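Beneath this line is the structure, given in structure tokens, with notes to follow.
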Amino acid sequence: MTSEIGNIEISKEILEKIKIDSKKLSKLITIMHVCGTHEYTVAKNGLRNLLPNNIKIISGPGCPVCVCPTGELDLAIELSKRENTIMATFGDMMRVPSSTISLFEARARGHDIRVVYGPNDAVELARKNPNKEVVFFAIGFETTTPSVAFELTNNPPSNFSVICTHKTVPPAMDLLLSLPNLKLSGFLLPGHVCAIIGSKPFEPYAEKYKAPMVVSGFEVNDVLMSLYYILRQNIRKEAFIDNTYTRIVKREGNKKAIQYISDVFEPVDSIWRGIGMIPNSGLKIQKKFEEHNAVVKFDVKVEEKIEMPKGCSCDKVLIGNIPPQKCPLFGKSCTPRHPIGPCMVSHEGACKIAFSFREIVE
Ligand code: SF4
């Protein structure tokens with residue numbers, strides 16, 4: 001069977017195969033994904049309600065904005081208050097609550113905070129404003145990291161620096177698979193992340209936890225095929241990495257992008273908002289690029305914090321303990337227009353997605 005990505009007849013065919021084979025399961029299987037775009041596809045197409053009752057999909061920490069700790073956001077807000085400073089970041093970060101105000105509110109108070117599409121725009125801002133410091137608040141998983149690395153190796157102007165909050169997915173999966181209450185039976189591996197680092201870095205975890213894993217693209221039939229492959233591994237009691245996204249992802253990844261990442265960054269323990277410290281799950285700018293490391297350059301310190309706003313259950317949503325709809329604030333005091341927690345802000349946030357598609361869960 002091939003994955004014809006947009007063909008509804010193929011969707012029906014895969015779903016039928018899933019339904020037939022699910023009868024061979026002796027227990028409920030829980031499959032986690034760690035990607036906001038997978039959640040988008042699942043919710044938009046109502047897949048949770050189309051799958052048999054003994055197959056459950058849960059959403060993990062697949063939204064980099066959601067797991068950005070309050071301390072790092074506080075740091076960006078603190079730096080944006082400096083004289084002659086332009087803070088540049090992605091639009092998704094603007095409304096995320098910090099321990100005081102959001103970047104959006106800081107901009108309303110007169111600080112120069114700009115939304116950019118990528119680090120290249122921030123470098124351009126620095127070139128056009130030589131009398132100002134331009135700080136790029138860099139966030140994202142492996143998908144966005146190479147573009148920051150590229151800019152730092154490409155002779156950026158001296159008034160350009162970076163707050164590096166990049167995180168890496170494999171160590172987080174290690175943590176999630178070790179949580180006994182989740183009882184995961186498989187993982188949909190994030191296609192964009194694997195396009196950069198390949199599927200190879202996930203192999204030790206498939207082996208260590210005997211967990212089926214399938215690299216998946218983002219169209220509905222990509223996801224359905226990947227779920228089917230995970231189901232098949234469960235039935236056969238196998239645990240290895242399969243790939244339904246071969247049109248993009250290779251086992252070894254994109255060697256050039258990987259080289260850029262390792263030339264510029266080094267692994268560091270990192271705090272994930274709502275989750276806590278995950279060893280070696282962050283990236284730090286290497287000493288040789290220190291002049292462009294905003295934290296070193298401006299010597300600003302803020303307290304590291306992981307807590308969520310009062311009443312918010314994002315910590316439970318982020319590790320799949322509850323679906324967004326089970327948060328008491330969901331759709332009441334917390335909506336995309338008035339978000340209380342980070343998961344209601346970003347387009348990749350599970351709460352925002354569930355709200356947008358009015359997804360109903362049991
Ligand atoms: S609905 Fe709002 S408050 Fe509740 S978990 Fe989601 S973002 Fe947090």
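A short reminder: the numbers here are calculations on the coordinates, not readings from a lab. Computed from a prediction, not measured in an experiment: that's the story for all the values here. In this analysis, Cβ positions are derived from the backbone assuming ideal geometry, glycine residues included, and neighbour counts consider all displayed protein chains.
The calculated 222 nm mean residue ellipticity attributable to helices in the chain amounts to -10000 deg cm²/dmol, summing -39500 (n - 2.57) over DSSP H runs of n ≥ 4 and dividing by all residues. The trypsin sites (Lys or Arg not before Pro) found in the stretch 272-311 that occupy coil by DSSP, while having at most 12 further C-beta atoms within 10 Å, are 301, 310.
Taken along the Cα-to-beta-carbon direction at a fixed 7 Å, the label points for residue 120 and residue 24 span 4.7 nm.
Considering all different alpha carbon pairs of the stretch 1-100, the Kirkwood hydrodynamic radius works out to 17.2 Å.
Applying both filters, DSSP loop and at most 16 other Cβ atoms within 10 Å, to the GluC sites (Glu not before Pro) of the stretch 1-76 gives 4.
Here 166, 192 are placed in order of increasing Cβ neighbour count within 10 Å, fewest first, which gives 192, 166.
Magnitude of the charge dipole for the chain, about its Cα centre and with charges confined to Cβ atoms of Lys, Arg (+1) and Asp, Glu (-1), is about 860 debye. Sites listed here are trypsin sites (Lys or Arg not before Pro) in the stretch 60-143 whose DSSP assignment is loop and whose Cβ has at most 12 other Cβ atoms within 10 Å: 109. Residues whose amide H lies under 5 Å from that of residue 242, counting only those 5 or more places away or on a different chain, are 213, 214, 215; hydrogens are built 1.01 Å from N in the peptide plane. Taking the fewest neighbouring Cβ atoms within 10 Å as the starting point, the ordered list for 242, 222, 269, 299 is 299, 269, 242, 222. Taking the Cα centre of the stretch 1-89 as reference, the dipole from Cβ charges on Lys and Arg (+1) and Asp and Glu (-1) amounts to some 540 debye. Less than 5 angstrom separates the built amide H of residue 57 from those of 31, all sequence-distant by 5 or more or on a different chain. Within the listed set 149, 108, 76, the residue fluctuating most in the Gaussian network model of the chain (springs between alpha-carbon atoms under 10 angstrom) is 108. Within the chain, helices built from complete DSSP H runs that reach 18 Å or longer along their own axis (Cα positions) and carry a mean Kyte-Doolittle hydropathy of -1.0 or higher are 8-22, 220-236. With the alpha-carbon atoms of the stretch 71-110 aligned to their principal axes, the span from lowest to highest coordinate is 24, 19, 16 Å, starting with the largest.
As a length-normalised measure over Cα pairs under 8 Å and 6 or more apart, the relative contact order of the chain settles at 23 percent.
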